[in-house]
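Structure, as C-alpha cells:
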Amino acid sequence: MSAIINFFEYIWGSRVGFFVMGALSMLTLISLGVSIGITTGDTLQWVADFSRNFGAEMVGVALTFGLLGIADRAKSTNDFKSRLVRNVRSTTTGEAMQAIEDLRERGWLTGDRGVLKGAQLRFGNLAGLDLRLVNMENAELLSATLAGTDLSGANLQRAFLNKVNLQNANLFGANLKWANLWNADMSDARLLNADLQGAEMLDVNLADANLFDARLDGANLEGANLQGANLAAANLKGASLNRANLSGANMRYANLARVNLEFATLTNAKLPDGTVWTEDTDMMRFTNEKHIAYDMTREKVNELRAEAGLNYI
C-alpha cells in the first residue's frame, strides 16, 4: 500500500504528473459533459464546443511544458559544466583528466564555447594532460602544475600564470599575449611560434626552452633565466632583458631592436649574425637603431629570416 501511495505522491509532485492529472481532469469533464448532454439532448453540440476549447488549451499546455523542458535542460547543462570545471581544479590528476575529456567530448574546451575561459584554477594539478587548443583566456592558474602538459595552440591570453610549473610543457603556437608569468618555471618548455607579446615574465625560468620564431616583442623578461634557450629567429623587439641570464643562448636570426640588455649575462651566447658574444662585442649594433653599424634593419631581419627559411615580418 505504501508503495502505491509513494507512486501517487511522485506523480502529483512532478510536472509529468501535473500534465497527467490535468488530462484526467479534462476526461472527467468530458464524461460529465456527455452525461449532461444526454440528459439535455445536446450531446454532439457540447462535445464539439468542448473539443475546440480543449484543443486550444492543450496547445497552450504543450508549449508551456516545452519551454519548461528547455529551461530544465539548460539548467541541467550549466550545472554539469560547473561540476566539470570544479573537477578540473582537483589536485587529483585522474579526476581532472576525466573532466577534461568530458569537456572536450562535448566541445566545451575550445573556442568561444570554452568553459575554462576566466576559470579559477589556482593550485590545480593538470600535469601531462591534453589541453590542445584550450581556451583559458583570463584564467587564473596561480601555482598550478602543468608540467608536461600539451597546450599547443592554447589561448592563454592575459592568463594569470604566476609561479606555475610548465616544465617540459608543449606550448607550440600558443597565445600568451599579455600573460602574467612571474616566477614561472618554463624550463625545457617548447614555445616554438608562441605569441608572448607584452607578457610579464619577471624572473621566469626558461632554461633550455625552445622559443624558435616566438613573438616576445615588448615582453618583460627582467631577471629571466634563459641559459641554453633557443631564441633563434625570435622577435624580441622592445623587450626588457635587464639582468637576464642568456649564457649559451642561441639568438641567431633574432630581432634585438630596442632590447634592454643592461646587466644581462651573455657568456657564449650566439648573436643574430652567427657570431659568439665576447667582452669586446658591441651589442648596440643589434639593439640601437641609431647606431652607425646597426645591423637589425627590417631588411636585414627579413634577409636573415629568409636564410632560415622563415616568413618575412
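Of the residues Asn183, Asn138, the single one that is farther than 24 Å from Glu101 by Cα, at pLDDT 95 or above, surrounded by fewer than 19 Cβ atoms within 10 Å (Cβ to Cβ) and touching a Lys or Arg at 6+ places or on another chain (Cβ under 6 Å) is Asn183. Filtering segment 163-193 to residues that are within 15 Å of the chain's Cα centre (by Cα), within 19 Å of Glu222 (Cβ to Cβ) and of a type in the set (A, V, I, L, M, F, W, C) leaves Leu176, Trp178, Ala179.
Only one entry of Thr267, Thr275 meets the criterion of being surrounded by fewer than 19 Cβ atoms within 10 Å (Cβ to Cβ) and more than 17 Å from Lys300 (Cβ to Cβ), and that entry is Thr267. I need every pair where a residue in segment 289-313 that is within 23 Å of Leu192 (Cβ to Cβ) has its Cβ under 8 Å from the Cβ of a residue that is loosely packed, with under 12 Cβ neighbours inside 10 Å and modelled with pLDDT of 75 or more, sequence separation at least 6 or different chains. Correct list of pairs: Met296/Glu289. For first residues located in segment 190-217 and touching a residue at least 60 places away in the same chain (Cβ under 8 Å), partners that are surrounded by fewer than 23 Cβ atoms within 10 Å (Cβ to Cβ) and lie 6+ apart or on another chain with Cβ distances below 7 Å form the pairs Asp213/Leu192; Asp213/Asn193; Asp213/Leu310. Confirm whether Asp72 is at pLDDT 95 or above and charged (D, E, K, R). No; evaluated as a whole, the condition is false for this residue.
The set of residues in segment 130-166 being of a type in the set (Val, Ile, Thr) and assigned to a loop (DSSP other than H, G, I, E, B) consists of Thr149, Val164.
In the set Ala229, Ala257, only one residue is without any contact (Cβ under 8 Å) to a residue 60 or more places away in the chain and in contact with a Leu (Cβ under 6 Å, 6 or more places away or on another chain); that residue is Ala229. Taking the criterion of being aliphatic (A, V, I, L, M) and surrounded by fewer than 23 Cβ atoms within 10 Å (Cβ to Cβ), no residue of segment 160-180 qualifies. Does Leu261 satisfy the criteria of being over 19 Å from Gln157 (Cβ atoms) and out of contact with any strand residue (DSSP E or B) (no Cβ under 6 Å at 6 or more places or on another chain)? Considered against the rule, which asks whether it is over 19 Å from Gln157 (Cβ atoms) and out of contact with any strand residue (DSSP E or B) (no Cβ under 6 Å at 6 or more places or on another chain), Leu261 comes out as yes. Of all residues in segment 103-129, those that are under 9 Å from the mean Cα position of the chain (by Cα) and assigned to a loop (DSSP other than H, G, I, E, B) total 7.
Among the residues of segment 284-299, those that are under 18 Å from Ala232 (Cα atoms), buried (at least 17 other Cβ atoms within 10 Å of the Cβ) and modelled with pLDDT of 70 or more comprise Arg285, Phe286, Thr287. Looking only at segment 260-276, residues that are under 19 Å from His291 (Cβ atoms) and either free of Cβ contacts under 8 Å to residues at least 12 places away in the same chain or touching a Cys at 6+ places or on another chain (Cβ under 7 Å) (or both) come to 1 in all.
Scanning segment 245-255 for residues that are assigned to a loop (DSSP other than H, G, I, E, B) and at pLDDT below 95 turns up Arg252, Tyr253, Ala254.
The values are calculated or read from the model by the stated rules, or taken from the named source; none is laboratory data. Source: prediction; values computed, not measured. FYI the Cβ positions are ideal-geometry reconstructions off the backbone, even for glycines, and counts take in every protein chain you see.
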